[in-house]
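The values are calculated or read from the model by the stated rules, or taken from the named source; none is laboratory data. Remember, it's a predicted structure, so these values are computed and weren't measured experimentally. Here Cβ is always computed from backbone atoms with ideal geometry, including for glycine, and neighbour counts include all displayed protein chains.
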Amino acid sequence: MTGRPTVGINTNMRAELLLRQRQIIGEDRFVDATIWRLHRSLPGSRHAFKYRLALIVDGICVLRYDNEAGKGDHKHIGEAQAPYFFTTLDRLVEDFWRDVENWRSE
């Protein structure tokens, strides 16, 4: 993501905040991104990260990548939901921004 991310560490918690960023990309839209490093993976995921990357337009989430305990890695495009194959954090962010650009060009 562009810009300087906000990073915080709290040693008495089970998660380390790696990224919390809100980026305005238009008058009526923004990206909200949060990524944590966990001490162990969530059920349904093969990695130790918890994330939520969302594109909000006119107050509505139109695109979101996230992982939930039991559901694993997936993405939402409008009302549709599809699995997402997580490999690395860098790739996750690249894939998300590619989908943001694709959504914007439609």
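Can you tell me which of (1) closer than 14 Å to Gly26 by Cβ; (2) without any contact (Cβ under 8 Å) to a residue 12 or more places away in the chain; (3) among the acidic types (Asp, Glu) is the one Glu79 doesn't meet?
(1)
Among the listed residues Lys50, Lys75, identify the single one that is modelled with pLDDT of 95 or more, surrounded by 11 or more Cβ atoms within 10 Å (Cβ to Cβ), on the phi < 0 side of the Ramachandran plot and touching a helix residue (DSSP H, G or I) at 6+ places or on another chain (Cβ under 8 Å).
Sole residue among the options that is modelled with pLDDT of 95 or more, surrounded by 11 or more Cβ atoms within 10 Å (Cβ to Cβ), on the phi < 0 side of the Ramachandran plot and touching a helix residue (DSSP H, G or I) at 6+ places or on another chain (Cβ under 8 Å): Lys75.
Please work out which one of (1) among the aliphatic types (A, V, I, L, M); (2) more than 13 Å from the chain's Cα centre (by Cα); (3) surrounded by 16 or more Cβ atoms within 10 Å (Cβ to Cβ) is the condition Val100 fails and give its number.
(2)
Of all residues in segment 70-84, count the ones that are over 17 Å from Lys50 (Cβ atoms), part of a loop (DSSP other than H, G, I, E, B) and touching a strand residue (DSSP E or B) at 6+ places or on another chain (Cβ under 7 Å).
Qualifying residue count for the region: 1.
Just give me the residues in segment 53-72 being surrounded by 16 or more Cβ atoms within 10 Å (Cβ to Cβ) and farther than 19 Å from Leu19 by Cα, in sequence order.
Taking segment 53-72 first, the residues surrounded by 16 or more Cβ atoms within 10 Å (Cβ to Cβ) are 53-56, 62-67, 72.
If the condition is that a residue be surrounded by 16 or more Cβ atoms within 10 Å (Cβ to Cβ) and farther than 19 Å from Leu19 by Cα, then Val62, Gly72 are the ones that fit.
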